[in-house]
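First up is the structure itself, then whatever we jot down about it.
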Amino acid sequence: MQQNTGTLRFDNRYLFNLIGPLLIETLLSVTIGMMDTIMVANVGEYAVSGVSLVDAVSNLFIFLLSAFATGGAVVASQYLGKKDEKSSCFAAKQLIYLAFAFSAIVSVILFIFRKAALALIYGSIEADVMNAAVDYFTPILISYPFLALLNSANALFRAMGKSRITMVVSIIMNAINISGNAFFIYVLDMGTFGAGLASLLSRIVACVFMLYKITRVKETIHVEHILKPEISFPMLGRIMKIALPSGIENCIFHIGKILVSSTVASFGTASIAANAVFNALGTFANIPGTAVGMAAVAVIGQCCGAREYKAASHYGWKLLALTYIMMGMTSAVMFILTPELALLYNLSDAAYSLAVESVRLNMVQTLLFWPLAFTVPNFLRAAGDAKFTMYVSMASMWVFRVLLSRILGVNLGMGFIGVCWGMFIDWYCRGIFFTVRFLRGKWKSKTVV
């Protein structure tokens, strides 16, 4: 970090070194996240179905873990900006204990009732699909505490601006997962249990390494005497002030996506297939915005901790401009390549035509409005203004993405394209509220330390 005279704290080299590895890490998480499903396809369709059912449940839990990690990272980052390294380290320790306790409790409860939980969520499903899901779910549940600790340590290193180490760990973790899948599935013929076991081993290795790194006193933010419990409810309260609204927001968003998917399913197989392509290609286009959002915790969080709000605004607009430039490039490339990329999914003519139309529409809307709807709220969360983002996101999700999508798609007969427009209007609403909030500066009074 470069401390300048006046208001600026970070130079362009710092921002490049922070965001560059985050781009690679986010790309890895998007591409490698598909590997369990792809590699288990060798077992059969029932195995693919079982893994996909568990992933839907796991994603909800991972959103909650991400909320805890974000809350702890924001608090630690603001203390770092305040030059109170002792409190920053103490906040890190509280995050580690909070994440571990929560994940351990959830893991034990779900482990005991794993089959009943899947049956409760999905109702009556075929026996071979249920068995495949339970086999995969078993090691995945054991991995939750390791994943919680890993996510927390990663968030703390990003708060320090050290994203290169999280990128390297992500590469190692994914290499273990892929090689483990190949060994357990293809060599030992362990099916979905083998896929889950590979994920468990990769998370254990990555977790142990990152805990070793975060406990070294040479790190600006570190955890001392990790095996000696120290609980501070005021510090936990500061973390939860960010984590709880973010967690609720993430969960509601995930539930809303499930409801929208059920609406799409009512339009038939072609719409379901087009929606799968729409989501997959859209995720790739969003990678730069996701990476910048993670970087904002370190940059804007430290500025707000130091009460340098002019610098926080400066970097907010700079990061937003950078997001538009990078997403402009990804959106343009995806727009041009959409017809060729859609061919990879072996779609019917109807599904292919719908996929190309919807994805290209998505790329235009993504370029224009996605950064305002999803990058700017990360600036607000980094400042501590998490409740506002929660309220806006929840209201916009239910009114536009869920309700309006159904009106446009079903009642007005627009089908899947109507659902897409409901989502875009949701972006417009979010973007307006978040941008106005950032412009007016109300977030400056929300600093948590």
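The values are calculated or read from the model by the stated rules, or taken from the named source; none is laboratory data. Small disclaimer: the values here were computed from a predicted structure and weren't measured. All Cβ positions, glycine included, derive from the backbone under ideal geometry; neighbour counts span all protein chains shown. Each accessible area value is taken on the protein alone, full model and side chains, heavy atoms only, with ligands, DNA and RNA left out. Shrake-Rupley method; radii C 1.70, N 1.55, O 1.52, S 1.80 Å.
Taking all protein chains as shown and a probe of 1.4 angstrom, PHE16 keeps an accessible surface of around 150 Å².
Could you tell me the distance between the Cα centroids of segment 197-260 and segment 69-121, to the nearest Å? Measuring centre to centre over Cα atoms gives 4 Å.
For THR435 and LEU361, what does the FRET efficiency come to when R0 = 22 Å and r is the distance between their Cβ atoms, rounded to the nearest 0.05?
Here the calculated transfer efficiency is 0.50.
The order of the peptides 282-290, 154-162, 178-186, 239-247 by mean Cβ neighbours within 10 Å, most packed first, is 154-162, 239-247, 282-290, 178-186. One decimal place: the segment PHE284-MET329 gains 15.0 nm when fully extended, by the rule 0.36 nm per residue minus the C-alpha distance. Per residue, the accessible area of segment 160-210 comes to 41 Å², computed with a 1.4 Å probe over protein heavy atoms only. Counting only protein heavy atoms and using a 1.4 Å probe, the accessible area of MET329 comes to about 110 Å². Karplus-based coupling profile of segment 236-245, in residue order and whole Hz: 4, x, 5, 5, 5, 4, 9, 5, 5, x, with θ = phi - 60° in 6.51 cos²θ - 1.76 cosθ + 1.60 and x standing for Gly or Pro.
Computed over protein heavy atoms with a 1.4 Å probe, the carbon and sulfur contribution to the accessible area of the chain reaches 68%. To the nearest 0.05, what FRET efficiency results for ASP189 and ARG216 with a Förster distance of 41 Å applied to their C-beta separation? Here the calculated transfer efficiency is 0.50. Annotation: ASP349 carries an accessible surface of approximately 140 Å², with a 1.4 Å probe and no ligand, DNA or RNA atoms counted. For the set TYR212, TYR324, TYR46, solvent exposure ranked by accessible area (probe 1.4 Å, protein chains only) runs largest to smallest as TYR212, TYR46, TYR324.
Each residue of segment 145-157 was assigned a 3J(HN,Hα) from its phi angle through the Karplus curve 6.51 cos²θ - 1.76 cosθ + 1.60 (θ = phi - 60°); the sequence is x, 5, 5, 4, 5, 5, 4, 5, 5, 4, 4, 5, 5 Hz, with glycine and proline shown as x.
Placing ASP189, ASP11 in order of accessible area, with the largest value first and a 1.4 Å probe, yields ASP189, ASP11. Gain on full extension, evaluated as 0.36 nm per residue between ALA101 and TRP317 minus their Cα-Cα distance, stands at 74.0 nm.
If R0 is 22 Å, the Cβ-Cβ spacing of LEU28 and ASN59 corresponds to a FRET efficiency of close to 0.85.
Using 0.36 nm per residue and subtracting the Cα-Cα separation, the extra length available between VAL208 and LEU412 on full extension is 68.1 nm. Return, ordered by residue number, the residues of segment 366-384 whose backbone nitrogen is under 18 Å from a label point located 7 Å along Cα→Cβ of SER445. Residues 380-381, 383-384 fall inside that zone. Here the dipole of the chain is about 2120 debye; that uses its Cα centre as origin and unit charges on the Cβ of Lys and Arg (positive) and Asp and Glu (negative).
Taking every protein chain into account, the accessible area of segment 354-449 amounts to 39 square angstrom per residue (probe 1.4 Å).
Ordered by solvent-accessible area of protein heavy atoms (1.4 Å probe), largest first, the residues THR215, THR138 come out as THR215, THR138.
Hey, of [x] 42, 25, 20; [y] 39, 22, 20; [z] 34, 28, 20, which did the structure itself give for semi-axes √(5λ) of the Cα gyration tensor in Å when calculated? Matching entry in [x] 42, 25, 20; [y] 39, 22, 20; [z] 34, 28, 20: [z].
3J(HN,Hα) couplings calculated from phi for segment 226-231 with the Karplus curve 6.51 cos²θ - 1.76 cosθ + 1.60 (θ = phi - 60°) are, in sequence order, 4, 8, 9, x, 9, 10 Hz; Gly and Pro show x.
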